[in-house]
Amino acid sequence: MPFLALILFAPWFAILGWVYWTYPKSHAVTPARRRLDVLALLIALVLSAFAMRWAFFQPFDGVGKMWPQVIATLAGYHVFLLVLAVAFFIRRKKYRSV
C-alpha cells in the first residue's frame, strides 16, 4: 500500500493546489501562467507519488509496519510542498504585474 498516503492526503493536496492556483491575486493571469500552474500541479502530484513509493520501499529493519507509511507520507508531502514553492517563486518572478 505505498499509495495509501496519497489517497489520504488527496484532500489536503487539493486545498494546497487551490491556494497555489488562487494566490496571489495581484499577479497577471494569462494563459501562459495557467499553463505553468497546471504543469506545476501535475509535476507536484507525480513527484509526490514517486517519493511516496520510493520511501515506502526503503529498508526499515526493526520498526513496526506503520513506519513505512509514515515515512512515505512525509516524503510525499515534502516533495509536493517543495515543487509548489519552487513553482511559486518562478511564477512570481516571471508573471509579476507592475
Discussion item. Of all residues being under 16 Å from the mean Cα position of the chain (by Cα) and open to solvent by 40 Å² or more (accessible area, probe 1.4 Å) in region 64-74, which is modelled with the lowest pLDDT? Just the residue, please.
Written reply: I71
Discussion item. I want to confirm something. Restricting to region 17-39 and keeping residues that are open to solvent by 80 Å² or more (accessible area, probe 1.4 Å) and under 13 Å from the mean Cα position of the chain (by Cα), which single residue is farthest from P68 (Cα to Cα)?
Written reply: W21
Worksheet item: In region 1-18, what count of residues is obtained for those that are out of contact with any Leu (no Cβ under 9 Å at 6 or more places or on another chain), part of a helix (DSSP H, G or I) and within 12 Å of A75 (Cβ to Cβ)?
Response: 1
Response to the item:
Quick count over region 51-74, residues being more than 21 Å from W18 (Cα to Cα) and in a helix (DSSP H, G or I), is 13
Response to the item:
A14: passes all of (1) modelled with pLDDT under 95; (2) over 11 Å from the mean Cα position of the chain (by Cα); (3) loosely packed, with under 14 Cβ neighbours inside 10 Å but (2)
Worksheet item: For region 59-89, how many residues are touching a helix residue (DSSP H, G or I) at 6+ places or on another chain (Cβ under 7 Å) and not small (G, A, S)?
Response: 11
Worksheet, complete the sentence: Those residues of region 75-98 which are part of a helix (DSSP H, G or I) and open to solvent by less than 70 Å² (accessible area, probe 1.4 Å) amount to A75, G76, Y77, V79, F80, L81, V83, L84, A85, A87, F88, R91
Practice prompt. Starting from region 16-44, take each residue that is without any contact (Cβ under 8 Å) to a residue 60 or more places away in the chain and list its partners that are open to solvent by 40 Å² or more (accessible area, probe 1.4 Å) and aromatic (F, W, Y), counting only C-beta distances under 8 angstrom and pairs at least six apart or across chains.
Written response: D37/W21; L41/W21
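The values are calculated or read from the model by the stated rules, or taken from the named source; none is laboratory data. What you see is a predicted model; the values in this text were computed from it and never measured. So basically every Cβ, Gly included, is an ideal-geometry build from the backbone, and we count neighbours across all protein chains shown. Protein only, heavy atoms only, side chains kept; ligands, DNA and RNA dropped before computing areas. Shrake-Rupley method; radii C 1.70, N 1.55, O 1.52, S 1.80 Å.
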